[in-house]
Amino acid sequence: MNNNTPQAVAGTPDIDELLQDLVHANHILFNEGVVDAFGHVSARHPDRPERFLLARNMAPGLVGAEDIIEFDLDGTPVDADGRKVYLERFIHGEIYRARPDVMAVVHSHSPSVVPFSAVKSAPLRPMCHMSGFLGEGAPIFEIRDVAGEATDLLIRSAPLGESLAHSLGNNNVVLMRGHGATVTGPTLKRAVYRAVYVEVNARLQADALRLGPVEYLTRDEARTAMESTEGQVERPWQLWKMRAQANRR
Ligand code: MN
């Protein structure tokens, strides 16, 4: 999508295409090991920017188009029809509210990323060109700072979602201490790409740190690399989609 093009003009996928892609996104994120029975992915509504689309409360690998629900930014479902919704839907709505540029959000407990949420002396940083979206790193949201020392660590209210969005700031990724990560993108496909590659980067970074001091991308290298790799996001998307479909048979 061209960043200079208003949302309602060419380049915005129509709602049917977006719904299909959101179903594929759920299956891809499961198949690539980013989400398991938990975690979720949403997209901002292409015609109503004050709404977003997110599956009902279920394992992402099992989501079908009929399971997608429309929500207000405050996390209230518009058309749930009694279906159970995700406890942590506030992550999505509050980020869409705070960041008009964000069109998709992935929340996961991505296993290689979780250690970087808990080891504050080892900040997650871009160590290869595929993860330039990490820029100068990813802030860590510390839920104790806003909700005390006895929470279940979940973002189960709009104020907690707002605090998380504040920690995210203008970054693309926010880590959540002892919990996971939330990844944003200007399109659904780029958010999925980033969610896959933040897991890859975390694994590579942990490997590299065992060898010695790591030479990370500079801020400018990260930006340049992001522009070139994410310009080709259709290539991994098609591959991951095919692989996820093959594994569902
Ligand atoms: Mn969670």
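The values are calculated or read from the model by the stated rules, or taken from the named source; none is laboratory data. These figures come from a predicted structure and were not determined experimentally. Heads up, the Cβs are rebuilt from the backbone with ideal geometry, glycines too, and the neighbour counts pull from every protein chain shown. Ligands, DNA and RNA are excluded from the accessible area calculation, which covers all protein heavy atoms including side chains. Shrake-Rupley method; radii C 1.70, N 1.55, O 1.52, S 1.80 Å.
Quick rundown of the values:
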{"item": "Which numbered condition Arg177 misses (of (1) closer than 19 Å to Ala43 by Cα; (2) in contact with a helix residue (DSSP H, G or I) (Cβ under 7 Å, 6 or more places away or on another chain))", "result": "(1)"}
{"item": "Tally of residues being out of contact with any Lys or Arg (no Cβ under 9 Å at 6 or more places or on another chain) and away from the ligand (no atom under 15 Å from the Cβ) across the range 170-187", "result": "3"}
{"item": "Pairs where the first residue, in the range 105-116, is touching a residue at least 40 places away in the same chain (Cβ under 8 Å) and the second is away from the ligand (no atom under 12 Å from the Cβ) and part of a loop (DSSP other than H, G, I, E, B), C-beta under 6 Å, 6+ apart", "result": "Ser108/Val34; Ser110/Val34; Phe116/Leu124"}
{"item": "Residues of the range 134-183 classified as open to solvent by less than 30 Å² (accessible area, probe 1.4 Å), in a strand (DSSP E or B) and not polar (S, T, N, Q), total", "result": "8"}
{"item": "Lone unmet requirement of (1) open to solvent by 20 Å² or more (accessible area, probe 1.4 Å); (2) free of Cβ contacts under 8 Å to residues at least 60 places away in the same chain; (3) within 22 Å of Ser167 (Cβ to Cβ); (4) touching a helix residue (DSSP H, G or I) at 6+ places or on another chain (Cβ under 6 Å) for Asp74", "result": "(2)"}
{"item": "Qualifying positions in the range 24-34 - open to solvent by less than 10 Å² (accessible area, probe 1.4 Å) and of a type in the set (A, V, I, L, M, F, W, C)", "result": "Ala25, Ile28, Leu29, Val34"}
{"item": "Pro126 vs. criteria buried (at least 23 other Cβ atoms within 10 Å of the Cβ) and either away from the ligand (no atom under 14 Å from the Cβ) or under 24 Å from Gly33 (Cα atoms) (or both)", "result": "yes"}
{"item": "Hits in the range 145-169 - residues which are within 16 Å of the ligand (Cβ to nearest atom) and of a type in the set (D, E, K, R)", "result": "Asp152, Arg156"}
{"item": "Any pair with Cβ under 6 angstrom, 6 or more apart, that starts in the range 81-103 at a residue that is in contact (Cβ under 8 Å) with a residue 60 or more places away in the chain and ends at one that is within 16 Å of the ligand (Cβ to nearest atom) and open to solvent by 80 Å² or more (accessible area, probe 1.4 Å)", "result": "Leu87/Arg156"}
{"item": "Number of positions in the range 77-101 that are open to solvent by 50 Å² or more (accessible area, probe 1.4 Å) and either over 17 Å from the mean Cα position of the chain (by Cα) or not acidic (Asp, Glu) (or both)", "result": "10"}
{"item": "Filtered residue count, the range 93-119, keeping only those that are of a type in the set (Val, Ile, Thr) and more than 16 Å from the ligand (Cβ to nearest atom)", "result": "2"}
{"item": "The range 231-249, residues that are touching a residue at least 40 places away in the same chain (Cβ under 8 Å), open to solvent by 90 Å² or more (accessible area, probe 1.4 Å) and charged (D, E, K, R)", "result": "Arg243, Arg248"}
{"item": "Sole residue being open to solvent by 10 Å² or more (accessible area, probe 1.4 Å), away from the ligand (no atom under 16 Å from the Cβ), within 26 Å of Lys241 (Cα to Cα) and small (Gly, Ala, Ser), chosen from Ala65, Ala43", "result": "Ala65"}
{"item": "Qualifying residue in the range 51-59 (condition: outside any strand (DSSP E or B) and at pLDDT below 95)", "result": "no"}
{"item": "Qualifying positions in the range 206-230 - more than 23 Å from Asn170 (Cα to Cα) and either surrounded by 12 or more Cβ atoms within 10 Å (Cβ to Cβ) or under 19 Å from the mean Cα position of the chain (by Cα) (or both)", "result": "Ala206, Asp207, Ala208, Leu209, Val214"}
